[in-house]
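In what follows, a structure is listed as structure tokens, so that the remarks can point back to it.
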């Protein structure tokens, strides 16, 4: 270990110190206000993001971590995302007085897990990252256990995460047994036909598939999305999923390209099944959070379309889509959090009737979000779909692209349904909603980013191209 | 010429200001929207004034990089055809706003913002020459239109809005696949990855690929036109939309489909289009007769006009795929004529509805006596719609039939039956609404100044198009001959290939 590595490790150290500091503040003799705790955690996250600027890329740390531009882009993205989640949680009525040191430190540790996952250069580091990410999430799903379904959701996620970890570990074991190494670069340099390695990659894909809620490993997603408090659902649906996705992209597209090519048919089938099942289940769903869970399953399908193209455009498309996907979900769940009742989230779609009219800012934001999710220009969602479908067409998979397009058309049905409810005329109950500045600013910033990335995708695309 | 960008961004920024600030009262919003659209009309007239019809090809071009990494440009161009359609758009949108003056009662700021956004989208569609830019505008006009129907429409508005959106979006997504396919084929052949229309024009498409890509485009445009098997959204959307929505739909959105055929389908895929032309003409003639037959039995005036639109747009497709001088000129003129005539009809129906609160023909009758001015106006536009010589539609329909006759006499005769049917259903409609006994005791008020202004403007246009179409035809010369050259080149190419194989 060189002293130069300290710079590379700085963000990780900052996050660990941050988590511990927040915990320590909780046992401080004097009472520390929730605002102070939240501010301190946000400061540590911003500091962490700042230290990534110092990274000298690309380099590896002990062959365990790889410090490169892809890692930097997403590490910063996760830390800003986590700040957004903290702001949302702080202003979220149902957990108003529960967002204390434990909650905040769990978010910091989860962010650490995500950052570790996207910079891992070794399957074991990846596994450690995955678990550091998963364990805080069990607890966060079940936060304020008196809510109905909270414990159920937490336990469900814990069991499924256990399954996922088992598959993942099994894959790692087989990879080690067949090649004698767990280093990604070393695994990538194996060019001979190693069927065991393909089996190993498939098992890892299954493990990752659980986390990404690909069909047929998607059963948990709607339940967890519904059970978790809206800010935590936002965490799940945006940055936590993207972290796993970026790990998959790094594993297949950057390191194990031979394996990627071997897995293309499997990815294609997964893509088709995931899109179709996600969209069909979303069509008649009446619960908004469950509906968005199915819609995000369908979106993973579109991302897999890009990945199953197997070309560099597909990789870029998947990275761009991952960013867009996280932004869109963050924005829409921020709106859900903003409209929450004092004790819990609104569940049924009908409970949102007319809210878009009464709160024009949030109404316009949800319009932008839904049009982006549906993939209409001039939003980032359109460019993401353009790139993803373009990658499939470039690889010659015209049928795959047509299936994806028809699914997109199908998805308009339920996105429009949500939009119409939000702009509907009769509001059922005129309950008062207190909109906090913090939540509002998150919604506005993320919807502006969605539009901005749609009109000027060059900002990010130039960066992704050089990764 | 940055004026082309102004045509798009003026209404767009107007929409943003009106829609987002929310500072304006309903009364002032109407004037602001009207001012913006009139300014738009003045710009369009200015462009018409300063353009010379003889110049070759494009009158104005705007080119700027947009997403260079993917070869997407901000490329706008205006030739004779787009000039006339831009003029039509600039004329009809202020009319749509004037028509809604009193009939839209709630939420004027949003309404105005949506109408202005639609206008920006339609202008963009008629001007964009980069395929992705075109797609962006194509979708941009869709979303506000959906809301116009869904929020201000009549009883079954949600159903109609859904149907409209899902039909169109499915078509346009298939077009997106075709655009991407063309992009990659062109890129692999030449090494230049670009969505630039001019570059893509001469792409060499192997085997069946051209046909598949052409079909991708064709489906998107056929939904918008709409052609026979995929027309079913149109009667619902037209009937349920507010009057302004019907005017924009019938007057402009349907034209974007026909424009797409002329601008993209035929020039990009000449070989495939030549093979496909007979099928398209048959679809066109089915549309003419089917639309006319259904119009015969409608009780609802809006629905009747909607079916007559299917019939008239069948003529446009007919003329386009006849692919000769007369046919193309006729189709292009008919697009303009239909836009003006049908908008006027929808405006009149909207005015009637404000007075009687119904659109059903059996509930009307004898309205000519209390409202002579409205009766005269409706007569003028009815005669125009049925192809009376001296009025707008006649020139177009006559030229189309003359063009089709050269290709196939049988199809031309079948198409002419459509003209006969249109005389029946339109005159019958007029008779049931305006003549006969006055059915109800009601305080009737004839057209006021605003309504006379609307219909007067449209009437002047109809007479101009009918009596002296030369100023318009002059601009259509170049675009039509470009498309015809493609046809001849293709046919010559096929003959050469045949000769070589002998």
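Could you please tell me the mean projected area of the C-alpha convex hull for segment B:327-433, averaged over all directions and given in square nanometres to one decimal?
6.8
Other chains near A:405-411: what is the mean number of their Cβ atoms within 10 Å of each residue's Cβ?
Taking all residues of A:405-411 together, the mean is 5.
In whole angstrom, note down how far apart the Cα centers of segment A:256-273 and segment B:388-410 are.
After rounding, the separation between the Cα centres reads 56 Å.
How big is segment A:1-77 on each of its three principal axes, counting only the C-alpha atoms and giving the largest first in Å?
The Cα atoms of segment A:1-77 stretch 45, 25, 16 Å along their principal axes.
Based on the mean of other beta carbon atoms within 10 Å per residue, what is the order of B:330-337, B:146-153, A:333-340, A:265-272, most packed first?
So the peptides B:330-337, B:146-153, A:333-340, A:265-272, ranked by packing, come out B:330-337, A:333-340, B:146-153, A:265-272.
What are the extents of the Cα atoms of segment A:292-373 along their three principal axes, listed from largest to smallest and rounded to whole Å?
Its Cα atoms span 47, 21, 17 Å along the three principal axes.
Could you tell me the distance between the Cα centroids of segment A:1-48 and segment A:133-149, to the nearest Å?
22
Cα-based Rg of segment B:165-241 per 2.2 N^0.38 Å, rounded to two decimals?
1.32
Before rounding to the nearest 500, sum -39500 (n - 2.57) across all DSSP H runs of length at least 4 in the protein assembly as shown and divide by the residue total; then give [θ] at 222 nm in deg cm²/dmol.
One gets -24500 deg cm²/dmol as the mean residue ellipticity at 222 nm.
Using Stokes-Einstein with the Kirkwood hydrodynamic radius over Cα pairs, what translational diffusion coefficient do you get for segment A:3-465 at 20 °C and a viscosity of 1.002 mPa s, in µm²/s rounded to a whole number?
97
Using every pair of alpha-carbon atoms in segment B:377-502, split the distances into 10 Å bins beginning at 0 and state the percent of pairs per bin, rounded to integers.
Reading upward from the zero bin: 10, 25, 29, 17, 10, 5, 2, 1.
Using only the alpha carbons of the protein assembly as shown, what is the convex hull's orientation-averaged projected area in square nanometres?
Seen from a random direction, the Cα hull of the protein assembly as shown projects 42.1 nm² on average.
Based on the mean of other beta carbon atoms within 10 Å per residue, what is the order of B:172-182, B:24-34, B:477-487, most packed first?
B:172-182, B:477-487, B:24-34
In segment B:1-140, what is the volume of the convex hull around the alpha carbon atoms, normalised per residue and reported in Å³?
Enclosed volume per residue, from the Cα hull, is 103 Å³.
No solvent, one uniform scatterer per C-alpha: report log10 I(q)/I(0) for segment A:204-350 via the Debye equation at q = 0.13, 0.15, 0.17, 0.18 1/Å, two decimals.
For segment A:204-350, the Cα-only Debye profile gives -0.55, -0.71, -0.88, -0.97.
Can you tell me the alpha carbon radius of gyration of segment B:258-324 divided by the globular rule-of-thumb value 2.2 N^0.38 Å?
Ratio of Rg to 2.2 N^0.38 Å for segment B:258-324: 1.25.
Given 10 Å bins starting at zero, what is the percent of C-alpha pairs of segment B:187-298 in each, up to the one with the largest pair distance?
The calculated distribution, bin by bin, is 13, 38, 28, 16, 5, 0.
When the expected Rg is taken as 2.2 N^0.38 Å, what fraction or multiple of it is the alpha-carbon Rg of chain B?
That ratio works out to 0.94.
Round to the nearest 10 and give me the degree value, 0 to 90, for the angle of helix B:209-224's Cα axis relative to the longest principal axis of chain B.
For helix B:209-224, the angle is close to 10 degrees.
For segment B:106-159, evaluate the Debye formula with one uniform point scatterer on each Cα (no solvent term) and list log10 I(q)/I(0) at q = 0.23, 0.24, 0.31 Å⁻¹, rounded to two decimals.
Log10 I(q)/I(0), no solvent term: -0.81, -0.84, -1.09.
Could you work out how far helix B:392-407 tilts from the main Cα principal axis of chain B, as a 0 to 90 degree angle to the nearest 10?
Tilt relative to chain B: about 40 degrees.
Looking only at other chains, what is the average number of their beta-carbon atoms within 10 angstrom of each beta-carbon in A:366-375?
1
If you average 1/r over every pair of different alpha-carbon atoms in segment A:52-92 and take one over that average, what Kirkwood value in Å do you get?
Taking the inverse mean of 1/r over all distinct Cα pairs, segment A:52-92 comes out at 11.6 Å.
What average count of beta carbons from other chains do you get within 10 Å of the Cβ of residues in A:448-458?
Mean shielding by partner chains, rounded to a whole number: 2.
As I understand it, the value is the acute angle between the Cα axis of helix B:301-322 and the longest principal axis of the Cα atoms of chain B; what does it come to in degrees, rounded to 10?
20
Pairs of Cα atoms under 8 Å, at least six residues apart: use those to get the relative contact order of chain A, whole percent.
About 14 percent, as a whole number.
Over the Cα atoms of segment A:332-401, compute the convex hull volume and normalise it per residue, giving Å³.
114
Read-outs throughout are calculated quantities, based only on the coordinates presented, and are distinct from any laboratory measurement. This one's a predicted model, so the numbers in the text were calculated from it and none came from an experiment. Using ideal geometry, Cβ is built from the backbone for each residue, glycine included, and neighbour counts are taken over all protein chains shown.
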